[in-house]
1. Would you please name the GluC sites (Glu not before Pro) within the stretch 158-262 that are DSSP coil residues with at most 15 other C-beta atoms within 10 Å of their C-beta?
2. Which value, in debye to the nearest 20, gives the size of the charge dipole of the stretch 184-305 about its Cα centre, when Lys and Arg are +1 and Asp and Glu are -1 at the Cβ?
3. Carbon and sulfur atoms: what percent of the 1.4 Å accessible area of the stretch 40-170 do they account for?
4. Accessible area per residue of the stretch 40-170 at 1.4 Å probe, in Å²?
5. Roughly speaking, to the nearest percent, how much of the stretch 184-305's 1.4 Å accessible area is carbon and sulfur?
6. Taking R0 as 25 Å, what FRET efficiency do you get between Ala174 and Leu251 from their Cβ-Cβ distance, rounded to the nearest 0.05?
7. Need one word for the stretch 40-170: rounded, prolate or oblate. Basis is the Cα gyration tensor (sqrt eigenvalues a ≥ b ≥ c); a/c below 1.5 gives rounded, then a/b vs b/c decides.
8. Would the stretch 179-299 count as rounded, prolate or oblate if I go by the C-alpha gyration tensor, calling it rounded below 1.5 in a/c and otherwise prolate when a/b exceeds b/c, oblate otherwise?
Amino acid sequence: MRLRSGAALVLVLLTCCGAAAQIAGPSGAKAGEAPPATRVCDLISADEVHSIYTGRRIVLTDYAGPVGDPSFDSCQITVDHGTTTGPQIPFQLQVSIDPVTPAEHRELLDGYAADGRGPATEVPGLGDAAHYVGAGLMQVYDSGRLVRVQGGGDQNAVRLAELVLPRLPDLAPAPELGTEPACDAVTAQAEAVLGTPAEERRDRQTVDELRCEWAAGPDVLSATIRGYGDEVGRMWAAEQPGAAAIDVGGLHDNGVYLPTGGVYFWMGHQQVSMYVRHRPHVPADDREALVRLAGAFAPTLLDVAPRIAPPQARL
């Protein structure tokens, strides 16, 4: 596994408005039988989350990402308190889909500190492989996987991790490498960003998003497409240091370029959103190619987005 500082945590902040899903989770298993867990949301149930966070309704949503080294699958958790004074603030439960060694776990922690997130501090009660990393992020290493809780409160995150850690062996291994046609269609532009043919592909399709990934040596390029708008993510992107408004797909000021290596943009009446991320990124060398890749997606974005309407609840 290649390791780099700044491992795609920014994507966590951009997944604020997902499709709603009430997940039955492990509580529906037969006695003595562990249910197959193919998604991170399969590791918990709405009732279990409610016992920690209370609230009127718990919504669990699947996401394929963030990508990086390692890559993760995620379950976004939204606690609906049913009041205007207790707003819904989604947070993320993430589990790595790539194998991670203890040395690589330590290197990631060192990388977070180098990125300015602050020194990692051990989490009482979860062992010496559990750490708080900066504000609102807890990371635990167990059974060759990383478990992250991004947001949701430190003590509640510990209780959530206590539920998840014993169930990690039930989670399916990483998906096989593969491609999606919508991603294949812009591979030439993606390779122009990389500056070389892609050596590895791992595209993912869920009911809520399409993710494309190209990798060559230490460089990773990823694109996440969602069929609904993300106003919180849009405001967040525009407020980042060095952010610049850009025009994508013939629309005026519908995108934001981030010098950390991201292009975040929106298309269509339903504000289908897309985030393109390149790591490592040198703005002077890579910006124009990255913006051209975003533009290559633009003509078909409404067609390839998993859905073009606001998310609907699934009971």
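The values are calculated or read from the model by the stated rules, or taken from the named source; none is laboratory data. For clarity, every value in this text was computed on a predicted model and none was experimentally measured. Don't worry about glycine lacking a Cβ; one is built from the backbone with ideal geometry, like all the others, and counts go over all protein chains shown. Side chains are part of the model used for accessible areas, which takes the heavy atoms of the whole protein and leaves out ligands, DNA and RNA. Shrake-Rupley method; radii C 1.70, N 1.55, O 1.52, S 1.80 Å.
1. Counting only loop positions with at most 15 other Cβ atoms within 10 Å, the GluC sites (Glu not before Pro) in the stretch 158-262 are Glu176, Glu199, Glu239.
2. Details: 10 positive and 18 negative charges, 21 e Å.
For the stretch 184-305, the charge dipole is close to 100 debye.
3. Values: 2610 of 5060 Å².
For the stretch 40-170, the apolar C and S fraction of the accessible surface comes to 52 percent.
4. Numbers: 5060 Å² over 131 residues.
Using a 1.4 Å probe on heavy atoms only, each residue of the stretch 40-170 averages 39 Å².
5. Numbers: 2610 of 4890 Å².
Ligands and nucleic acids excluded, carbon and sulfur reach 53 percent.
6. Numbers: r = 36 Å, r/R0 = 1.45.
According to the calculation, E is roughly 0.10.
7. Values: a/c = 1.80, a/b = 1.53, b/c = 1.17.
Because a/c hits 1.5 or more and a/b exceeds b/c, the stretch 40-170 counts as prolate.
8. Details: a/c = 1.70, a/b = 1.19, b/c = 1.43.
Oblate shape, in that a/c is at least 1.5 and b/c is the bigger or equal ratio.
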